[in-house]
Structures are given as C-alpha cells and as structure tokens.
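**Q** First, the structure itself, so that you have it in front of you.
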Amino acid sequence: MMEPIEHESGAAALEHTEHDHEHCAEGAMARAEAVSSAQGLRFTDQRRKVLAALAESHVPASAYDVIDRLALTGPRPAPISVYRALDFLVEHGFAHRIESRNAYIACSHSTAVHGHPGAVTVFLLCDACGAAAEAASAELAGALDAVTRAAAFTPRSPVIEIRGLCARCRTA
C-alpha cells in the first residue's frame, strides 16, 4: 500500500488541512543540521538559506524562484551558488528534484523514513494548485524491481512522479 509521508504535525501536504507549516519548515532545517553535523557535512549559510527558501512551501520551486525568494531578504545570489547549494541538498537527501517541473522541494519526511530500503518514493503533483506530496511504497518497489530485473536494467533513482488533482482542487 502506498502511504503518504506525514509531516510531524500529522498532516500530509496534499490534504490541505491546517497544519503548522512553520513547524514543518523548522523540522526540515533541524534534520539537515543534525545529519550534516553527524556526517561532517559543510552545511553552509548559503545552503541553509536555499533550504529555508524551499521549505517555505509545498509547491516545488525552480532555482530562479529560490533566487527571487532569497533576494527578498538580502542580496540577490548568483545562480551558480544556488545551483551548487541545490545539488548539495539533493545529494544528501535534504531536498528532492521534481524532474517533470525542473523544480525542487524540501524533503518533508524524517531521516528515519528517508532512504528506507525497499521503498520507492512517489511524488503526487497537483496540476491545479501546484502542491506536491511525498509517498512511499514497498509494494510498488517490489513491482518495479521485477520489471527492471526482467529488462536487465539497474535503476539509479527509483522515483515516480504522478500528476493529477489533489482532493481540494478536485472538489473546487
């Protein structure tokens, strides 16, 4: 069964329920700080700012959206520095790249769930409001494993993006 990954407040992003998004963003930052410290990663001020900009919303942001957000509170950063920060954040699991939108989103789940062996990450992308939510499925991972083995194919990143309408937009 595919399970939505819930925020620490208990609300999945696409449910559009009232949840403490500030707490959600703080959780993403705290996890990045803790993992960086534990693994000896350089979580620089620029990387913090980029992650904070991504964590502002459950709507994926392009690199230039991030630049615009950062320019609201300080000097406009060079695109290359933002791209480097995004690469770092994705590489270490603090953010995800939504390939179909050429955009990024802060990772919304805990490190205990992140990278869970035997599960595949699924992004549910609303075409109307632009929101994205993460879900994970061990069953889907098993099916994908069977398909890729039959084709003698080794996947690098088992991520699936599903477009459609979230519950709120479907009833609007």
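**Q** Out of segment 134-172, which residues are aliphatic (A, V, I, L, M), outside any strand (DSSP E or B) and touching a residue at least 60 places away in the same chain (Cβ under 8 Å)?
**A** Selection gives LEU140, ALA167.
**Q** Taking segment 141-161, which residues are within 14 Å of THR121 (Cα to Cα) and either loosely packed, with under 11 Cβ neighbours inside 10 Å or over 19 Å from the mean Cα position of the chain (by Cα) (or both)?
**A** Selection gives GLY142, ALA143, LEU144, ASP145, PRO155, ARG156, SER157.
**Q** Restricting to segment 105-133, what's the tally of residues that are at pLDDT 80 or above, assigned to a loop (DSSP other than H, G, I, E, B) and in contact with a helix residue (DSSP H, G or I) (Cβ under 7 Å, 6 or more places away or on another chain)?
**A** Qualifying residue count for the region: 4.
**Q** Right, something else. Would you point out which residue out of ALA78, ALA34, ALA30 is modelled with pLDDT under 95, more than 16 Å from the chain's Cα centre (by Cα) and either under 23 Å from PHE123 (Cα atoms) or not aromatic (Phe, Trp, Tyr) (or both)?
**A** Going through ALA78, ALA34, ALA30 in turn, the sole match is ALA34.
**Q** How about segment 44-82: which of its residues are charged (D, E, K, R) and either crowded, with 18+ Cβ neighbours inside 10 Å or touching a residue at least 12 places away in the same chain (Cβ under 8 Å) (or both)?
**A** ARG47, ARG48, LYS49, GLU56, ASP65, ARG69 - these are the residues of segment 44-82 that are charged (D, E, K, R) and either crowded, with 18+ Cβ neighbours inside 10 Å or touching a residue at least 12 places away in the same chain (Cβ under 8 Å) (or both).
**Q** Which pairs have Cβ atoms under 7 Å, sit 6 or more apart or on different chains, and link a residue in segment 23-34 that is without any contact (Cβ under 8 Å) to a residue 12 or more places away in the chain and at positive phi to one that is of a type in the set (D, E, K, R) and not in a helix (DSSP H, G or I)?
**A** From segment 23-34, no pairs qualify.
**Q** Tally the residues that are touching an Asp or Glu at 6+ places or on another chain (Cβ under 8 Å) and surrounded by fewer than 13 Cβ atoms within 10 Å (Cβ to Cβ), restricting the search to segment 83-111.
**A** 2
The values are calculated or read from the model by the stated rules, or taken from the named source; none is laboratory data. Treat the numbers as computed from the prediction; the structure is a model and nothing was measured. Here Cβ is always computed from backbone atoms with ideal geometry, including for glycine, and neighbour counts include all displayed protein chains.
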